[in-house]
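A.B. asks: Just dropping this structure here.
The values are calculated or read from the model by the stated rules, or taken from the named source; none is laboratory data. On a predicted model such as this, the values are computed, not experimentally measured, just so you know. Note that each Cβ is placed from the backbone with ideal geometry, even for glycine, and that neighbours are counted across all protein chains shown. For accessibility, only protein heavy atoms count, side chains too; no ligands or nucleic acids. Shrake-Rupley method; radii C 1.70, N 1.55, O 1.52, S 1.80 Å.
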Amino acid sequence: MAKKRSAKTSTRKATSLLQSVDLRVPVVQESLIEPQERVLESLAVRMNKELCGWLELGAVTVDPYTSTPAHVSISEHSPRTRDGISEGAAVVAALRPLLGLEHAHRVQFVDEPAVAGGASGTTAIHFQQFVAGLRVVDMIRTLRLDAKGRGIDLTGCNAPVVAVPSRVPTGSAAAALDAIAAEVNLAGESVVIRGLPSLSRVTVLEHSGLDGPCLAELVWYWIEGQLTLAWALSLTIGETTQPIQAILNAQGNEEPPKVLWLDAGSRGVVEGRVFEHNPSIDRKVVSFPIAWADGKAPAWVKRPNPTPSAWVDERRTVGENVRALSKKPGGGSLLITARKAGSDLLFAPHIKLGSPQGVLNAFYFCNLMHDFFLLLGFDESAGNFERTSVAGVGGDPFRVEVYEQEIPHGASVTRTADGVSPRLRLGLSRKKRHYSLDATVVFHEYVHGVTDRIIGGPARSNALTTPQGHALLEGWSDYFALSFESARRGSPVTTIGSWAAKRKRGLRAYPYDEAFPDTFADLGSGRYVRTYPAAELWAATLLRIHRELAPDVPDSIERDWLIWQVVFEGWRMHPVPVGFLQARDDMFLALRQLSQAASPWRDRHTEIEAAMWRSFLAMDLGSGVRLDPRRLVPPTSGGLVHP
């Protein structure tokens with residue numbers, strides 16, 4: 001028994017020594033990104049002439065790590081086949097010159113077995129890049145198709161290949177595993193159990209310090225502007241909750257082989273002492289990540305595969321989805337560090353209302369929002385905020401900065417295109433309460449980033465620039481902040497920022513409840529000549545739909561998800577610019593497409609449609625309204641009963 005305890009202590013200590021590594025750096029300097037994008041767009045224009053109407057390419061953005069396109073919009077596409085995978089392969093093949101592969105004859109793109117379908121019928125097909133028969137790590141192109149099989153855009157990345165290096169390794173898989181073992185002071189040597197006859201030289205190894213076998217294979221790794229032959233390892237040490245992944249150089253004379261990339265995995269239990277909603281209720285210790293959807297999402301809500309990534313990398317408020325830090329008045333920044341207890345971590349700031357607690361709470365709230373929108377379909381291919389990405393651009397976790405003083409606007413977010421991190425700035429309110437501790441405020445700001453990635457496509461930022469577009473942007477943020485917070489609490493939350501503002505009605509003129517006094521008939525007069533008050537009309541309309549649907553769908557959990565998905569799928573369909581009436585009509589279009597694609601909406605289509613029309617009619621935005629789509633002016637006719 002003593003030996004077993006000793007071994008367990010040894011592996012715990014080993015996992016605490018293992019640190020994540022990523023040596024990749026951009027090959028295109030920031031100042032050269034726009035010139036490179038102009039070069040790619042010029043090439044796309046020339047290619048459009050050769051594609052002869054089958055395919056027409058639009059805007060192009062660049063991936064700074066490879067210099068290839070990060071996002072290519074497709075403005076026109078006439079599919080030649082009904083087989084989405086075959087059509088997708090043809091599209092990717094046709095774009096090889098744009099991808100830097102015009103003369104690379106040993107490069108292939110192989111479709112993944114799983115094709116991810118959106119709730120509204122959109123499809124994402126993932127193509128893994130291979131060179132000379134070996135997989136290129138993290139190089140995956142994703143083609144998104146609409147419900148009719150027409151291309152929407154091509155995202156992801158690939159390695160531009162001019163010449164193929166030798167694929168004969170100078171170092172063995174066993175030497176690579178020994179190098180990882182040495183990093184964590186594990187005694188012993190690696191032993192090859194068996195090797196499989198394949199180009200990738202798949203090898204199964206054992207090591208006395210590992211909990212089970214290690215799998216190794218030869219891959220290509222793109223680093224410093226070139227392909228490097230490498231060993232990819234997957235292994236388990238001690239009490240890791242997921243396998244540790246590592247990439248080590250398989251060429252060159254380094255001894256031991258150089259670690260090019262390493263994901264140290266999630267070790268033990270990670271928890272944080274947070275205010276679940278705001279400081280009106282004392283702090284509570286919760287898991288990071290928290291399985292908040294258990295019991296809060298119907299069984300028919302599609303769970304992502306793989307499951308949402310770990311929130312925390314090491315011991316600080318940094319992870320795959322969010323990077324949160326404190327900004328000091330005199331300059332400089334500070335990440336919050338967790339206390340260790342064996343292999344477990346606990347974030348527990350000593351001062352309840354101090355800046356460190358604000359960082360931790362904002363980190364918690366933003367990770368919650370990431371996982372919530374992931375369930376709605378805001379994944380990598382849609383441009384979500386993640387550091388590494390298989391189907392999207394990556395390199396853009398949500399950045400949160402918590403200030404110890406009042407700052408302009410109190411709470412604001414810079415909205416960005418895919419590949420660039422949004423920046424959320426949170427300071428003190430005029431009542432000296434911190435916005436970072438109020439869930440409704442942080443949720444509101446996070447939603448801004450999501451709407452900007454979805455509407456107009458992930459390559460565009462600030463798509464909603466007209467007065468009505470801006471009002472929609474603010475209204476959607478209030479709507480999702482309050483409806484999500486209501487679902488978490490299990491009771492209606494009708495005000496934004498009540499705790500932070502130290503005011504019962506919060507930061508808005510009225511609570512969003514049954515007594516909300518105004519409608520779109522008031523647009524263009526009084527306070528509704530301004531964007532933010534007009535946004536309250538839109539938020540009040542959407543929240544009213546939940547109440548209108550309650551008699552027909554009494555289960556609040558099912559009701560929330562039915563309506564959330566309609567609103568979210570409507571975002572995918574909005575043109576740019578978009579106004580109130582277009583946003584209304586796109587919600588009905590989204591409902592029709594959802595009803596055709598999935599049974600929950602098909603079974604409830606009549607009830608949902610009726611509840612939506614009752615809400616729009618009650619808010620004077622019925623089917624008979626005529627409204628200038630850009631300006632905040634009064635409607636020209638009344639809201640008639642829906643057809």
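A.B. asks: Being surrounded by 24 or more Cβ atoms within 10 Å (Cβ to Cβ), charged (D, E, K, R), touching a Phe, Trp or Tyr at 6+ places or on another chain (Cβ under 8 Å) and not in a loop (DSSP other than H, G, I, E, B) is the requirement here; does residue 453 meet it?
C.D. replies: Taking the combined requirement at face value, the residue satisfies it.
A.B. asks: Could you check segment 164-187 and list, in sequence order, the residues that are farther than 18 Å from residue 201 by Cα and either among the aromatic types (Phe, Trp, Tyr) or assigned to a helix (DSSP H, G or I) (or both)?
C.D. replies: Across segment 164-187, the qualifying residues are 179, 180, 181, 182, 183.
A.B. asks: Suppose we keep only residues that are at pLDDT 85 or above and touching a Phe, Trp or Tyr at 6+ places or on another chain (Cβ under 9 Å) within segment 42-78. Which one would you say is most open to solvent (accessible area, probe 1.4 Å)?
C.D. replies: Per the stated criteria, the residue is 76.
A.B. asks: On to the next question. When you look at residue 478, is it of a type in the set (Asp, Glu), touching a residue at least 12 places away in the same chain (Cβ under 8 Å) and either open to solvent by 30 Å² or more (accessible area, probe 1.4 Å) or in contact with a Pro (Cβ under 8 Å, 6 or more places away or on another chain) (or both), yes or no?
C.D. replies: Here the answer is no, as residue 478 does not meet what is asked.
A.B. asks: Out of segment 529-560, which residues are in a helix (DSSP H, G or I), farther than 21 Å from residue 481 by Cβ and open to solvent by less than 30 Å² (accessible area, probe 1.4 Å)?
C.D. replies: Within segment 529-560, no residue meets the criteria.
A.B. asks: When you scan segment 123-133, how many residues do you find that are at negative phi and surrounded by fewer than 22 Cβ atoms within 10 Å (Cβ to Cβ)?
C.D. replies: Residues meeting the conditions: 3.
A.B. asks: Is there a residue being open to solvent by 40 Å² or more (accessible area, probe 1.4 Å) and within 26 Å of the chain's Cα centre (by Cα) anywhere in segment 565-574?
C.D. replies: yes
A.B. asks: Another question, if that's okay. Considering segment 569-586 alone, what residues qualify as being touching a residue at least 12 places away in the same chain (Cβ under 8 Å) and either outside any helix (DSSP H, G or I) or among the basic types (Lys, Arg) (or both)?
C.D. replies: Those that are touching a residue at least 12 places away in the same chain (Cβ under 8 Å) and either outside any helix (DSSP H, G or I) or among the basic types (Lys, Arg) (or both): 572, 574, 576, 577, 578, 579, 584.
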